[in-house]
Amino acid sequence: MSSVITLDFEQWKAQQIAAGNPVVLDEFVFAYVPDLDPSQAINRDEKLPADNHIVHRQAVNKTGLASENAVAYSVTLGTEVGHFDFNWIGLLNKASGVIGMITHAPTQKKIKTANGLQGNVLTRSFLLEFEGAAKETAITTTAETWQIDFTARLTGIDEMQRLMNTDSYGEAAFFDEGFAVVRHGEQYTVKKGLAYVGGLRGILEFDQTLNSQRNTRVYADFSYQGNLVSQWKTVVQITVTNDLQNYIDAAGYPHYVFAVANIDGNGDVMDLRIKGSLNARDIADIQKALGGVKQALEHGLNETQPKGDYATRPEVKEGLEEKQPRGDYATNTALNAVNENASNRLEKSKNGADVPDKDLFNRNIGSCRAFSSGISIGGGGFWTTDEFIKWLKHQGAFDNPYWMCKGMWSYADNRIINDTGCGAIHLAGSVVEVMGYEGAITIRVTTPTTSVEGGTESAQFIYINHDSTVSYRPGWRRDYNTVNKPTAYDVGAYSRDESDNKYLPRYSQLTAEVGLLGINRGNDWPGLMFIAQNGHRIGIEGSLGKILTIWSNDAEGNRRYNLQTPEKSGVLATVDDVNNANNIPVGVPLPWPHANPPAGYLECKGQYFERSQCPKLADAYPSCQLPDLRGEFIRGLDNTRGIDPGRGALSWQNQQVQYHSHLGGHGGRAGGSFGSTTQWEYAGSYNDDTKQPLPITNNGSDFDGFTNNGAVGTETRPRNVAFLYIVRAA
């Protein structure tokens, strides 16, 4: 593992101090950088990894003072963070993006809690040392010990408390008007208040309003949530749905639910809340029972009895036909009532056989009516569902909450229902169950293992009709099982043959043809991957939706190379295209219109270069030294022509002016004694613009030197434009 304070931080720190601003480092960045060697020294110019390598960002959790010149920064990755690997950690100033400190570490895994499995907790701390660190960062709190993983311990304590609450309050407990659902026209209000659900104590802080609801339930949903460095609390939410069970959400938090109200088709509310703790409910039940006893006693004692003679209880017990002594006796009216009551009682030994109206008895006690174990259901032929329901009504099936029969084993004496939309039902040998009453019925038909005339075998059909209106859509559905499995057609899927004709298996060697192939991985790097038999892989990736990247990995997953297309419009060229377009050999001097050469090129200024770095350039210049072309003209090599003989390639030649003369005459010159030799001075007579002596002859003529004012200098040259000569460094 290696760490370093960056050069960018030192520059930024100096700017902050000069401006009187604190040096704030407030964010940790975690990344996974392929091929990172943590044993190697870190370049202090290192920057933030690419976005596709960054796996997590998190604010600094704590800062602490270690000394006047050292401060500590700590971050805790709780169990709610993950899953990812990382080997690069950076501490930076979030606002400016300046990295203060970098650590390269061996690859580590961060796993979050999910689906009931406990994740891990990681704490990472950086100690940053520089002169006056405590003052410049404004950190004054002494550093504490932060690396304590107490998540599992606290989780166990929380669960124990929840179970203790369950022992006291049961599955749920509500108090006063808390969580009561009250109807106001087409709106419903869930009242605020306190409750226990699944052992969690929760408070609905404010009344909640629900819009128009029908045929549904209102649930109180409690979950205990938080993270490692925050305060945990019970999160309460109200959910409206037909059925909801306890569940674990995507973040791994268990949710405990309880139905507080049922709203029927008319919008009426049935309160389903359980009020008070278990002890309070027990006391309430006892008080209710005592109240009933008290009421019965008061009613019996206060009742006025008719005047007459009555038998004592022992006397009646000993026998009424014996002559009794004088005392209180039962009246004849009372005895007749007792006899009549006894006559109307059922005999225990007959086990219900003496019930006068068994159907009515079944309806009253809500028991099943086993109508027949072998009946001809409608005779032979076909039936519609409506005809089947009429037959059931005629048999009294809707007069009992639960009614059943079985069709006799005769295919010719039982009907076939052929309009279910999910298979034909041959009623021979089938068990028919009817639940509910007319207008709100559920019919279940279980077919036998054998059938004829297209009857579906080993199946279970269910017909539901709770409202005859079209909006409810009454009808049949079919439940599948291990014997009666659905076909691909039943579930709207492709069969095996259809799939083989449309799709290729995972490791198929066949050829497929497609039109436009769209790939969406749900992230910013969609792509294709080609896997060779030796494990090497080549991929094509649409990086960030901007550029196309072609990459290659070896069998161990190590990246071998990346090729990226430029972010511009144009046509990609082959190597031959590039060579034909830019067929300039390495070593050819090129004129460059700037004072510094571009990347990949060297200035021709007589310097030496390394053969290992520029092997092609060394082929052109075997001495590994470039010519110095600064201020020079390039001349074509004579190469036996004879104009510039004796020259070799790269030979240097000094300047030269070819021998020549200039003649210009004029008439007599005034100002001198003609006929005698004298000396006058004229500017420009020789090779400069100063006055020089000029001889005057006596024959009436003289000779002047020629000059083009301003064109005489230290060298002979043509008109020109200056370029920097460069060669490709290859």
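The values are calculated or read from the model by the stated rules, or taken from the named source; none is laboratory data. No experiment lies behind these values; they were computed from the predicted model shown. Counting neighbours? That spans all protein chains shown, and the Cβs are built from the backbone with ideal geometry, glycine included.
Does residue 479 satisfy the condition of being within 17 Å of residue 386 (Cα to Cα) and modelled with pLDDT of 85 or more?
no
I want to confirm something. Restricting to region 108-127 and keeping residues that are farther than 28 Å from residue 24 by Cα and not small (Gly, Ala, Ser), which single residue is nearest to the chain's Cα centre (by Cα)?
In this case the residue turns out to be 112.
Considering region 59-72 alone, what residues qualify as being in contact with a helix residue (DSSP H, G or I) (Cβ under 9 Å, 6 or more places away or on another chain) and at pLDDT 90 or above?
Within region 59-72, none qualify.
For region 366-416, give me the residue count where each residue is under 17 Å from residue 447 (Cβ atoms) and of a type in the set (D, E, K, R).
Count: 3.
For region 172-205, how many residues are assigned to a loop (DSSP other than H, G, I, E, B) and surrounded by 15 or more Cβ atoms within 10 Å (Cβ to Cβ)?
8
May I ask you to list pairs of residues, at least six apart or on different chains, whose Cβ atoms are under 7 Å apart, with the first in region 83-111 being free of Cβ contacts under 8 Å to residues at least 24 places away in the same chain and the second being in a loop (DSSP other than H, G, I, E, B) and surrounded by fewer than 20 Cβ atoms within 10 Å (Cβ to Cβ)?
Once the first residue is free of Cβ contacts under 8 Å to residues at least 24 places away in the same chain and sits in region 83-111, no partner that is in a loop (DSSP other than H, G, I, E, B) and surrounded by fewer than 20 Cβ atoms within 10 Å (Cβ to Cβ) comes close enough.
I'm trying to understand the selection: among the residues of region 16-34, which are in a loop (DSSP other than H, G, I, E, B) and either β-branched (Val, Ile, Thr) or surrounded by fewer than 18 Cβ atoms within 10 Å (Cβ to Cβ) (or both)?
Across region 16-34, the qualifying residues are 19, 20, 21, 22, 23, 24, 26, 33, 34.
From the list 572, 548, pick out the single residue that is surrounded by 11 or more Cβ atoms within 10 Å (Cβ to Cβ) and either of a type in the set (A, V, I, L, M) or assigned to a strand (DSSP E or B) (or both).
After applying the criteria, what remains is 548.
Which count do you get for residues in region 35-54 that are surrounded by 13 or more Cβ atoms within 10 Å (Cβ to Cβ) and either polar (S, T, N, Q) or in contact with an Asp or Glu (Cβ under 6 Å, 6 or more places away or on another chain) (or both)?
Qualifying residue count, region 35-54: 1.
Quick one: in region 80-131, which of the residues that are among the acidic types (Asp, Glu) and either closer than 13 Å to residue 33 by Cα or surrounded by fewer than 16 Cβ atoms within 10 Å (Cβ to Cβ) (or both) is modelled with the highest pLDDT?
Among those residues, the one meeting the criterion is 85.
Looking at (1) farther than 29 Å from residue 120 by Cα; (2) surrounded by fewer than 16 Cβ atoms within 10 Å (Cβ to Cβ); (3) touching a Lys or Arg at 6+ places or on another chain (Cβ under 8 Å), which is the one condition that is false for residue 6?
For residue 6, the failing item is (2).
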